[in-house]
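Following: one structure in structure tokens, then a few remarks.
The values are calculated or read from the model by the stated rules, or taken from the named source; none is laboratory data. Computed from a predicted model, the values in this text were never measured in an experiment. When we count neighbours, we look across all protein chains shown, and the Cβ atoms used for this are built from the backbone with ideal geometry, even at glycine. Accessible surface areas use protein heavy atoms only, side chains included; no ligands, DNA or RNA. Shrake-Rupley method; radii C 1.70, N 1.55, O 1.52, S 1.80 Å.
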Amino acid sequence: MLQVPFIRANRERVIASLKTRNYPEDELNIVDEIIAVDDSRKSTQASLDELLAKNNQLSKSIGALYKEGKREEAEQMKSAVAALKDNTKNLQDQLQKAVNQLEELLLKVPNTVHPSVPNGNSDADNEVHQDWGKALPELGEDALPHWDLAKKYNLIDFELGVKISGSGFPLFRGQGSKLQRALINFFLDEAHEAGYEEIIPPLLVNEASARGTGQLPDKEGQMYHAEKDDFYLIPTAEVPITNMLRDVILEESDFPIKLTGHTPCFRREAGAYGKDVRGLNRVHQFDKVEIVEVAHPDKSYEVLDRMLSHVESLLQKLELPYRILRLCGGDIGFTSALTFDFEVYSAAQKKWLEVSSVSNFETFQSNRLKLRYRDADRKTHLAHTLNGSALALARIVAAILENNQSPEGIVIPKALQAYTKFEIIS
RNA sequence: GGUGAGGUGGGUGAGUGGCUUAAACCACCAGUUUGCUAAACUGGCGUACGGGAGACUGUACCGCGGGUUCGAAUCCCGCCCUCACCGCCA
């Protein structure tokens, strides 16, 4: 959520940002609406405060009068206070209404995008920020897509997944499981090396946490909900890990906060059925290693750069062809100010697969989380939050299988061999 | 699932209707003193929304939401959460 003072001070910028995001032209006045509602909120608050102050003062005098034994005067004053009551109630209702209305409006306003975010309508308009600098691999005509390779080498059993749960729940087995586990350990070790503290968080979270990172109320349908106990299955480790810092006031010396964690991620992806759902391209459950940082506002874009380098180094070590996209206004997430997606080329499908998304949320999340820090003057400010996948497992597996297939079998990238303890799947 | 106890500031913890402006202690910050460290002393020390150039100042907040009252941390109702023990259990 944006802060109203920010909107007041940056009215033009907020409107420009909405335009970049292709916000409906006829709803751009939401910005002025917010300012107007906040104006009335303020004046109502002021009148109410004044009335309450008077009330408090009178009540105090009544107490004093009783002590002095002046009952009659006290009784008289009581009725004076009672006369103020109706008005107090009115103002309180009015204030509540304004606050609710303000909240409702604010929930509709997405984060203000970074100036570098390009215009565009869809993922087709994302800007290639960087690529791996080499030619893309070309496989022969007989190259197999990963779902066929998985079957051939008995790595993943999609049918059993369907039997046990349903479509989108792959079952890994044998060397397939080992490859998966090797990747998780590799990613966690690399994150540790880069200074991230490892977390194993709860996988079911309460409503307050889902709200804190913004999954609720806007992305309600994306999460599995265990209704009986009112828990949500996490769609990403970002949710529990970032919520570690909910309602926290940090000292400046606590920066930088760097956390990482591996978790399964659960996504309903309702209505996402279409051409890209085969194999591991889109599943309801997958594993991911996430990196989360909380940064001083002056430093958050440096942090974002370092996170990009970290993710990039993982892909380089895995020798996978990749490119980094700067998401355009039409594709960037509601809560993000600037997002870079990493895509890996899956050479048999001849498709780019998204394997990471690295974002700076600036204060958008921390406002809802109430995650603040104290500056040298002991004043509190919202901190900046960032996160990124490092990396999402299922699709990385897909790319490794396809790109590394050979007549002898699937060659394990060198960096992973210490983890898999085998060099080839055959 | 059952029974009981409890939720007060960064922590411990007092507070059963107005002498609370939430005590006291610890922690923390600044200063004084002292070769250094420590100790002692003095002062400061919550969050949010307003007003004011500022010193300041108003309001709300004692788990959350209602209610009673001129006045609620305190009384009443509902909810949430935590802890302990029992049962079940990896």
Over segment A:109-151, the set of residues out of contact with any Gly (no Cβ under 6 Å at 6 or more places or on another chain), exposed (fewer than 13 other Cβ atoms within 10 Å of the Cβ) and part of a loop (DSSP other than H, G, I, E, B) is A:115, A:116, A:133, A:134, A:135, A:138, A:140, A:141, A:142
Exactly one of A:48, A:52, A:58, A:91 is farther than 26 Å from residue A:216 by Cα, in contact (Cβ under 8 Å) with a residue 40 or more places away in the chain, near RNA strand B (Cβ under 8 Å from one of its atoms) and part of a helix (DSSP H, G or I), and that one is A:48
Report task. Output yes when any residue across segment A:1-17 is small (Gly, Ala, Ser) and modelled with pLDDT under 90, and no when none is. Result -> no
| Got at least one residue in segment A:136-145 being within 29 Å of residue A:291 (Cβ to Cβ) and either away from RNA strand B (no atom under 16 Å from the Cβ) or small (Gly, Ala, Ser) (or both)? | yes
Residue A:324 passes all but one of the listed conditions (1) part of a loop (DSSP other than H, G, I, E, B); (2) crowded, with 19+ Cβ neighbours inside 10 Å; the exception is number (1)
Being open to solvent by less than 20 Å² (accessible area, probe 1.4 Å) and at pLDDT below 95 narrows A:200, A:249, A:234 down to just A:234
Over 16 Å from the mean Cα position of the chain (by Cα) and open to solvent by less than 20 Å² (accessible area, probe 1.4 Å): is that true of residue A:243 in this structure?
no
Within segment A:163-179, the residues that are part of a helix (DSSP H, G or I), open to solvent by 20 Å² or more (accessible area, probe 1.4 Å) and either out of contact with any Leu (no Cβ under 9 Å at 6 or more places or on another chain) or not β-branched (Val, Ile, Thr) (or both) are A:163, A:175, A:177, A:178
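Each row is one residue, and each column tells you yes or no for (1) open to solvent by less than 70 Å² (accessible area, probe 1.4 Å); (2) in a helix (DSSP H, G or I); (3) at positive phi.
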site	(1), (2), (3)
A:159	no, yes, no
A:183	yes, yes, no
A:195	yes, no, yes
A:211	no, yes, no
A:214	yes, no, yes
Answer yes or no as to whether residue A:41 is within 12 Å of RNA strand B (Cβ to nearest atom), charged (D, E, K, R) and surrounded by 15 or more Cβ atoms within 10 Å (Cβ to Cβ). yes
Expected single match for part of a helix (DSSP H, G or I), open to solvent by 70 Å² or more (accessible area, probe 1.4 Å), at pLDDT below 80 and within 12 Å of RNA strand B (Cβ to nearest atom) among A:83, A:74, A:64 is A:83
Of those in segment A:285-310 that are open to solvent by less than 10 Å² (accessible area, probe 1.4 Å) and of a type in the set (Gly, Ala, Ser), the residue farthest from residue A:254 (Cα to Cα) is A:300
When (1) open to solvent by 20 Å² or more (accessible area, probe 1.4 Å); (2) without any contact (Cβ under 8 Å) to a residue 40 or more places away in the chain are applied to residue A:313, the one that fails is (2)
Scanning segment A:357-372 residue by residue, the ones that are open to solvent by less than 10 Å² (accessible area, probe 1.4 Å) and part of a loop (DSSP other than H, G, I, E, B) total 1
Of the conditions (1) buried (at least 20 other Cβ atoms within 10 Å of the Cβ); (2) of a type in the set (S, T, N, Q); (3) within 16 Å of RNA strand B (Cβ to nearest atom), the single one that residue A:380 does not satisfy is (1)
Checked A:32, A:49 against criteria (open to solvent by 60 Å² or more (accessible area, probe 1.4 Å), of a type in the set (D, E, K, R) and over 23 Å from residue A:92 (Cβ atoms)); the one match is A:32
**Message:** Based on this model, can you work out whether residue A:136 counts as outside the structural domain of residue A:343 (by TED's automatic domain parsing) and touching a residue at least 24 places away in the same chain (Cβ under 8 Å)?
**Reply:** no
Taking segment A:94-108 and keeping residues in a helix (DSSP H, G or I) and either in contact with a helix residue (DSSP H, G or I) (Cβ under 8 Å, 6 or more places away or on another chain) or closer than 30 Å to residue A:359 by Cβ (or both) leaves A:94, A:95, A:98, A:99, A:100, A:101, A:102, A:103, A:104, A:105, A:106, A:107
Of the candidates A:354, A:402, the one satisfying the condition of being assigned to a helix (DSSP H, G or I), away from RNA strand B (no atom under 16 Å from the Cβ) and farther than 19 Å from residue A:302 by Cα is A:402
(Q) Kindly evaluate residue A:339 against the criterion of being assigned by TED's automatic domain parsing to the domain that holds residue A:251 and either open to solvent by less than 10 Å² (accessible area, probe 1.4 Å) or among the acidic types (Asp, Glu) (or both). (A) yes
